[in-house]
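For reference, the structure is listed below as structure tokens.
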Number of protein chains: 2
Amino acid sequence: MTVLLNAETQVNSEALNAIAHMPTKSLGVLLDSNFTRKLCDKDFMRIAVLLAKKGYEEGGCPIGAVIVDNETNQIVGKGHNTLVQESHPYNHGETSAIRDAGRIDFSKTTLYTSLSPCDVCATLLYMRGFQRVVVGDITNASGNEPLLESKGVQVDILEDEQGIVLYQQFRAEKPEQDLEDWQGLAAVNAGHK
Amino acid sequence: MTVLLNAETQVNSEALNAIAHMPTKSLGVLLDSNFTRKLCDKDFMRIAVLLAKKGYEEGGCPIGAVIVDNETNQIVGKGHNTLVQESHPYNHGETSAIRDAGRIDFSKTTLYTSLSPCDVCATLLYMRGFQRVVVGDITNASGNEPLLESKGVQVDILEDEQGIVLYQQFRAEKPEQDLEDWQGLAAVNAGHK
């Protein structure tokens, strides 16, 4: 059976958006390995940003992440922040994608995140053996890139303008949700005292 | 309607085990506030260890955690490690209990963990504003207590002999599963090279 995205089809926004929304385990019905091989860093980052956009449209924090097998170029995990959607205190882009990937050897993969990782995610990234992380936004947040590098993780910055603008918009609209996502409701309540 | 555990009933192993296994949102059908008020630190730690035992019996890593509201003494979250059961790369005792509790102000709660927290969980504990953490085993693992204290978290050690023996037994039986739980499959595979 052929699939929608193959050797003949172009890598465009519609294709990347469909990939972002398709459950990881069902990606095989949407694209084949000929299409997969055409995807580059910029495309994977765009998928992470499209996941962030999905989260924003659900009323959540717009942060997404994608994990890619270094050898096959296949997506093995992806996800987005669900603080609001699942009342989940730490389901960030990175934790969500890692949970989606499951019990695999992350040293053979690359993680693309639409926003610079928080302390918890940065710690999880090096504790799970990631060798390479690509960060899509150090304009709205940053600080843990040196920590990752000190643990031997290669960090590449590949800013995505659409992701940066989306996060700026979210932070202006919902500053307390942004604060809760980074430091918990305790920090929000402390600010109200 | 009366409940099984009330002002008249004793705090014993059978009661604590039923509490450990009952879904948090259903605890109200098992115990009332008169019983809840009788529970002390040692009891909550025992519940964490009984959750660890549940995990061990499922073939998983025996680590459990319980989160208690400081004012009402009510359990607001609990859980155990599900690396094996859910193929979940970081669902440790602490992350599991925090996920179960959801989007609450953790500065008003105490977390009881059957085993000293890993780097990821310790970071999550201070990032989510916990003010007090009780650790049930620093014999089999330790090291992040000073980090938590440096972030203003009160750390109390309350070792539970049953929990310590159980973790020792697990580590002797499944050393690779133990390593994977702390440092991921990457560390296990690196050891095989």
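Footprinting exposure proxy ranking of A:SER26, B:SER114, A:SER96, B:SER87, fewest other C-beta atoms within 10 angstrom first, gives A:SER26, B:SER87, A:SER96, B:SER114. Taking the Cα centre of the protein assembly as shown as reference, the dipole from Cβ charges on Lys and Arg (+1) and Asp and Glu (-1) amounts to some 240 debye. What would the Debye equation give as log₁₀ I(q)/I(0) for region A:1-99 at q = 0.16, 0.21 Å⁻¹, counting only Cα atoms as equal point scatterers? Treating every Cα as an identical point scatterer, log10 I(q)/I(0) equals -0.63, -1.01. Between this copy and the others, label points of B:VAL29 are 3.5 nm apart in ascending order, each placed 7 angstrom from Cα in the Cβ direction. Helical runs assigned H by DSSP (4 residues or longer) give chain B a calculated mean residue ellipticity at 222 nm of -13000 deg cm²/dmol, each run adding -39500 (n - 2.57) before division by the residue total. Rounded to two decimals, the Cα radius of gyration of region B:123-193 over 2.2 N^0.38 Å is 1.32. Ordered by the number of other Cβ atoms lying within 10 Å of each residue's own Cβ, fewest first, B:THR72, A:THR139 fall into the sequence B:THR72, A:THR139. Would you be so kind as to identify which of B:ASN81, A:HIS80, B:THR9 lies farthest towards the positive end of the dipole of the protein assembly as shown, taking Lys and Arg as +1 and Asp and Glu as -1 on Cβ and the Cα centre as origin? Of the candidates, B:THR9 comes out farthest on the positive side. Taking other residues whose beta carbon is less than 12 angstrom from the beta carbon of A:GLN177, and scoring Lys, Arg as +1 and Asp, Glu as -1, yields -2.
Let's test the formula: R0 of 25 Å, r as the Cβ-Cβ distance of B:LYS42 and B:LEU147. What FRET efficiency results, to the nearest 0.05? Step by step, r from the Cβ atoms, then E = 0.50.
With its label point defined 7 Å out from Cα along the Cα-to-Cβ axis, A:ASN6 lies at 7.0 nm from the matching points of the other copies, in increasing order. Once the Kirkwood radius over Cα pairs is known for chain B, the Stokes-Einstein relation at 25 °C and 0.890 mPa s delivers a diffusion coefficient of 147 µm²/s. Summing charges over all other residues whose Cβ lies under 14 Å from the Cβ of B:GLU14, with Lys and Arg as +1 and Asp and Glu as -1, gives +1.
Simple rule: put +1 on each Lys or Arg Cβ and -1 on each Asp or Glu Cβ in the protein assembly as shown, find the dipole, and look at A:GLN168, A:THR139, B:LEU27; the Cα lying farthest toward the positive end is B:LEU27.
A simple spin-label model places pseudo-atoms 7 Å from Cα toward Cβ; at B:ASN6 and A:ILE157 they are separated by 6.5 nm. Distance to the A-onto-B rotation axis is smallest for one chain A Cβ; residue and value in angstrom are A:THR123, 2. Within region B:88-126, report the trypsin sites (Lys or Arg not before Pro) that DSSP leaves as loop and that have at most 15 other Cβ atoms within 10 Å. Answer by residue number: B:ARG103. Relative contact order, whole percent, for chain A stands at 16, derived from Cα pairs under 8 Å and 6 or more residues apart.
Here region A:31-66 is scanned for amide nitrogen atoms under 16 Å from the site 7 Å beyond the Cα of A:ALA172 along Cα-to-Cβ, giving A:62.
In a simple Cβ point-charge model (Lys, Arg +1; Asp, Glu -1; nothing else charged), region A:42-193 has a dipole of about 280 debye relative to its Cα centre. Pairwise Cα distances in the protein assembly as shown exceed 40 Å in 18 percent of cases. With its label point defined 7 Å out from Cα along the Cα-to-Cβ axis, A:ILE157 lies at 4.3 nm from the matching points of the other copies, in increasing order. When B:LEU147, A:LEU185 are arranged by Cβ crowding within 10 Å, least crowded first, meaning fewest neighbours, the order is B:LEU147, A:LEU185. Working from label points 7 Å from Cα in the Cα-to-Cβ sense, the A:THR72 to A:TRP182 distance is 3.8 nm. Between the alpha-carbon centres of region A:49-94 and region A:101-139 there is a gap of 12 Å.
Computed over neighbours whose Cβ is under 13 Å from that of B:LEU4, the net charge equals -3, Lys and Arg +1, Asp and Glu -1. The charge dipole of region A:102-179, taken about the Cα centre with unit charges on the Cβ atoms of Lys, Arg (+1) and Asp, Glu (-1), comes to about 440 debye, rounded to the nearest 20. Backbone amide hydrogens, once placed in the peptide plane, bring B:VAL76 within less than 5 Å of B:ILE67, B:VAL68, B:ASP69, excluding anything fewer than 5 places away on its chain. Legend: distances between Cα atoms for A:LYS42/B:LYS174; B:LYS108/B:LYS174; A:LYS42/B:LYS108; A:LYS54/B:LYS25; A:LYS174/B:LYS38; pairs beyond 32 Å are A:LYS42/B:LYS174; B:LYS108/B:LYS174; A:LYS42/B:LYS108; A:LYS174/B:LYS38. Amide H contacts of B:ARG132 (H built 1.01 Å from N, in plane; Pro and chain starts excluded): B:LEU111, B:GLN154 sit under 5 Å, all sequence-distant by 5 or more or on other chains. Which of rounded, prolate, oblate describes region B:36-147, given a ≥ b ≥ c as roots of the alpha-carbon gyration tensor eigenvalues and a/c under 1.5 marking rounded, otherwise prolate only if a/b is larger than b/c? It comes out rounded by the Cα gyration axes.
Laboratory data are not the source of any read-out in this text; all were calculated from the coordinates shown. Computed from a predicted model, the values in this text were never measured in an experiment. Heads up, the Cβs are rebuilt from the backbone with ideal geometry, glycines too, and the neighbour counts pull from every protein chain shown.
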